[in-house]
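The values are calculated or read from the model by the stated rules, or taken from the named source; none is laboratory data. Keep in mind that what you see is a predicted model, and the values were worked out from it rather than measured. Please note: Cβ atoms are built from the backbone with ideal geometry, for glycine as well, and neighbour counts cover all protein chains shown.
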Amino acid sequence: MSQSVEVGGTGLEYKTGMIIRNTEPLLADLCKNCGTVVRFHVKNPDRNWITKT
Ligand SMILES: [Zn+2]
């Protein structure tokens, strides 16, 4: 049994305009039985992500 839990503190940054940065919350699929984080994911993958060039 796993559950998606929001990771606090930080997320993934994306641009909404020329200079505006926003943060997409990072979600962790947590197994509530053993505490294992199965995977990290975001709700909206189609952002204009700020990537390393
Ligand atoms: Zn488990």
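Which members of segment 1-37 meet the condition of being within 16 Å of the ligand (Cβ to nearest atom), part of a strand (DSSP E or B) and touching a residue at least 24 places away in the same chain (Cβ under 8 Å)?
Of all residues in segment 1-37, those within 16 Å of the ligand (Cβ to nearest atom) come to 1-5, 28-37.
Subset that is part of a strand (DSSP E or B): 2-5, 28-31, 37.
SER2, GLN3, SER4, VAL5, ALA28, ASP29, LEU30, CYS31, listed by residue number.
Screening ASP46 against (1) within 9 Å of the chain's Cα centre (by Cα); (2) of a type in the set (Asp, Glu); (3) in a loop (DSSP other than H, G, I, E, B) leaves a single unmet condition, (1). Within the bounds of segment 32-53, is there any residue that is at pLDDT 85 or above and at positive phi? Looking through segment 32-53, at least one residue is at pLDDT 85 or above and at positive phi.
May I ask you to verify whether ASN44 is more than 16 Å from the ligand (Cβ to nearest atom) and exposed (fewer than 12 other Cβ atoms within 10 Å of the Cβ)? It would help to see each step written out before you state the result.
Details: more than 16 Å from the ligand (Cβ to nearest atom): yes; exposed (fewer than 12 other Cβ atoms within 10 Å of the Cβ): yes.
Yes.
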